[in-house]
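Asks: Here you go, one structure.
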Amino acid sequence: MSVIRTPGGLSVRFRPRALGVGVGAALLAAGFGLVALGSGDYPMGPTDVLRTLTGGGTVAEQFIVYELRLPRLVTALLVGAALALAGTLFQSLVRNPLGSPDILGFTQGASTGALVVVVLGGSSLALAGAAVVGGLGTGLVIYTLAWRRGVHGYRLILVGIGVAAILTGVNGYLLTRAPLMDAARAVLWLTGSLDGRGWVNAGPLLAVLVVVAPLVLVGCAPALRMMELGDDAASAVGVPVRRLRLVLLAAAVLLVSFAAAAAGPVAFVALVAPHLAKRLTRAPGPNLLASMAVGAALLAGADLLAQRAFAGHQLPVGVVTGVIGGGYLVWLLAMERRAGRL
Amino acid sequence: MSTAVRRVATTPEPTLDATPTVTRPAPSVPARGTAAPPSRRGRRAARSAGLITAVALLVVIVVLSIAVGAKAMPLADVWSGLLHRDATEYAVVHKMRLPRTLLGLLAGTALGVAGAVMQALTRNPLADPGLLGINAGASAAVATAAAFLGVTAVGGHVWFALLGAAAVTALVYAVGGGRGATPARLALAGAALNATLYSYVSAVMLLDTASLERLRFWTVGSLANADSATVRRVLPFILVGLLVALGTARPLNALALGDDAARALGARPALIRAAVIVAVTLLCGAATAACGPIVFVGLLVPHLVRALTGPDLRWLLPYCAVLAPALLLGADVLGRVLGRPGELQVGMVTAVLGGPLFLWLVTRRPVAQP
């Protein structure tokens, strides 16, 4: 742990290794971004991309970068960062390495909202709005049901699993109610896709991230680290455990809901990114900033793979993260089991 | 010795606590030879009477399942449709309602019994083939077969479903079961597998519109496409699974005391576990192949039944075998009535009915910390 003291009396503490991981992951994300911006039907070299980004380039290049490729990339980075942050918060709050929104029912809730719109035949904007409403509503239901003089980690997990199971049934039913074309669109959304994402999709998520991330990173991170020690220990050092848990849950649910609204419930980023960050930084506790950078790099890389892995055939990014995440999950389950931590 | 034997017969109910159930004192059973015989006999009579009542309930629901549908039939018509080849109702009853009802009976029994033996094996009151990902494993295998290998008939499905179910059963037990696993851990391992496998299934549906059209109806869990060929196809698997499961009742009772005590009583823990995994695989794989993944039946019924019979599997399993199909068929009838003019798929009805009960179960007691 290093400390920087400014002349004004402000001190910032940080772990050099965690900072390094964060910067490294951010650079990796930027690298993926550079490749993603430069590749496609109209290939551009890295220098061309950089020149276009700094205001130069031809009109065609300007159009391709700013209107077609950049919005998608920005959405990918934001969704990755938001999901990773939410996943880190969930895993800290329920004190379990598997406590991600995929498993606790929040993404299923967002999906239910979106599917209702698909069945009723609404626009993409209505779909995004409904995903947010569904995710937040599910968060509220789970919190209320799990509340019993405070929300306990394990009760939250079990309630979340139950709600997820109910919503999975409801979602499957809603899928059967839609005409085939709409159902295909819905499944695409449910898988998580960045295809054709524009500034409309990135905007609201960016707004939420700009408000929530600093609040969490600056305001709550030290207290969250205390809470990982257990409620009693945290209370003993003066952390307002209940209020903080509510605030952090609300923040996490907001992030998940808006990320789902932007790109669909992309699987496993929220689960995997915090783990990778933790392994890379080798630091205990929630590695919030490093997780966000890793999440952004993960999704940008996965989207690049999804677009370019099969020539002439684009996969939705959720398929790539699902496959990567599934393999990682099985490995994780085995490791955690062996270490007796699960 | 006599104490041990008596405790075998009344193994304590699994609880949400992480503490091994073994350490609990057995519920107060009067010692043999003293005042015991009348009350023991009385209890057996009560249990038998209860079982007969349950069978009667099932019969009523079976009749309802044949009578209720797009075309509601009076009982007399159902009867003549069943028996008389020249009756106008013959085709409806024999081609549609009867296979549907039979499939509901088979699948319900399979899921209920599988849930009961799983709960006993893992000492986990939250174990359910749907929640632990076993149905999802079968679904993923079926989706693979349908999309990549062109296997679309239930006849081919079954083998893939069994394969998928077997893989996940082994995996979830290896990962989340075994000694020292809490219910929450097991549920979490299952939920994680569920999330993975369903994301795979939706990826498959996405890549192939034809699979989407078939699988989106199948993945909800429905009895609507039942025909007699389906019933014949899954019948042997479910029968064998049931026999194996019933055979494990007594040794599983012993296993509830812990491996050492079970060994002392002459049981072989490894063999029992293998038998239960085989039974669960056969039952869940076949049921899922035929009707799609159906959640909560295997959780709910053993739970409700345990309140009636206590944890002795020799009573628990027969009750489950009767009441689980009653629940499944009841949910199916309800879905047909509520969903008119179409129908609500039975998987959706059981999820909506069973979910709240699950939530009640996990919220009513203090939750154990690992």
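The values are calculated or read from the model by the stated rules, or taken from the named source; none is laboratory data. Since this is a predicted model, take the numbers as computed values, not measurements. Quick reminder, even Gly has a Cβ in these numbers, built from the backbone with ideal geometry, and neighbours come from all protein chains shown. All accessible areas refer to the heavy atoms of the entire protein, side chains included, with ligands and DNA or RNA removed. Shrake-Rupley method; radii C 1.70, N 1.55, O 1.52, S 1.80 Å.
Asks: Shape of the stretch A:92-218 from its Cα gyration tensor (a ≥ b ≥ c, root eigenvalues): rounded if a/c is under 1.5, otherwise prolate when a/b > b/c, or oblate?
Replies: oblate
Asks: For the stretch B:51-127, which trypsin sites (Lys or Arg not before Pro) pass both filters: DSSP loop (anything but H, G, I, E, B) and at most 16 other C-beta atoms within 10 Å?
Replies: Passing both the DSSP loop test and the Cβ count: B:LYS71, B:ARG85.
Asks: Where the Cα atoms of the protein assembly as shown are projected onto their three principal axes, how long is each span, largest first, in whole Å?
Replies: 90, 65, 38
Asks: Working out 0.36 nm times the residue gap between A:MET181 and A:VAL59, then minus their Cα-Cα distance, what length gain in nm do you get to one decimal?
Replies: Working: separation 122, 0.36 × 122 = 43.92 nm, distance 3.63 nm.
Roughly 40.3 nm would be gained on extension.
Asks: Another question, if that's okay. On full extension of the chain, what length is gained from B:ARG44 through B:ARG314, given 0.36 nm per residue of separation minus the C-alpha to C-alpha distance?
Replies: Working: separation 270, 0.36 × 270 = 97.20 nm, distance 1.16 nm.
Difference between extended and current length: 96.0 nm.
Asks: If I take every Cα pair under 8 Å that is 6 or more residues apart in chain A, average their sequence separation and divide by the length, what percent do I get for the relative contact order?
Replies: Reported relative contact order: 29 percent.
Asks: Roughly how many percent of the accessible protein surface of the protein assembly as shown is carbon and sulfur, given a 1.4 Å probe and a whole-percent answer? Working shown, then result.
Replies: Values: 19590 of 28860 Å².
Of the solvent-accessible surface of the protein assembly as shown, carbon and sulfur hold 68 percent.
Asks: Here is a further query. Using a Förster radius of 41 Å, what is the FRET efficiency between A:ASP195 and B:ASP227 based on their Cβ-Cβ separation? Nearest 0.05, please.
Replies: 0.55
Asks: Hey, another quick one. Between B:THR209 and A:VAL35, with labels modelled 7 Å along Cα→Cβ, what's the label distance in nm to one decimal, could you check?
Replies: Once both label points are built, they end up 3.2 nm from each other.
Asks: Please list log₁₀ I(q)/I(0) at q = 0.11, 0.17 Å⁻¹ for the stretch A:190-269, using the Debye equation with identical point scatterers on the alpha-carbon positions.
Replies: These q points yield log10 I(q)/I(0) values of -0.39, -0.74.
Asks: Which distance in Å, rounded to a whole number, links the C-alpha centroids of the stretch A:216-263 and the stretch A:47-120?
Replies: The stretch A:216-263 and the stretch A:47-120 have Cα centres separated by 22 Å.
Asks: In addition: Tell me: how much accessible area in total is hidden between B and A, 1.4 Å probe, Å², nearest 100?
Replies: 4000
Asks: Can you compute log10 of I(q)/I(0) for the stretch B:322-363 with the Debye formula, treating each Cα as one identical point scatterer, at q = 0.17, 0.18, 0.32 Å⁻¹?
Replies: -0.48, -0.52, -1.00
Asks: Still on this structure: Show that you can apply the helix-only estimate: for chain A, add -39,500 (n - 2.57) for every DSSP H stretch of four or more residues, divide by all residues, and state [θ] at 222 nm to the nearest 500. It would help to have the intermediate numbers written out before the result.
Replies: Values: 16 runs with 248 residues, N = 342.
Helix-only estimate at 222 nm: -24000 deg cm²/dmol.
Asks: Note down the Stokes-Einstein diffusion coefficient of the stretch A:59-339 in µm²/s, whole number, using a Kirkwood radius over alpha carbon pairs, 25 °C, and 0.890 mPa s.
Replies: For these conditions, the coefficient is 130 µm²/s.
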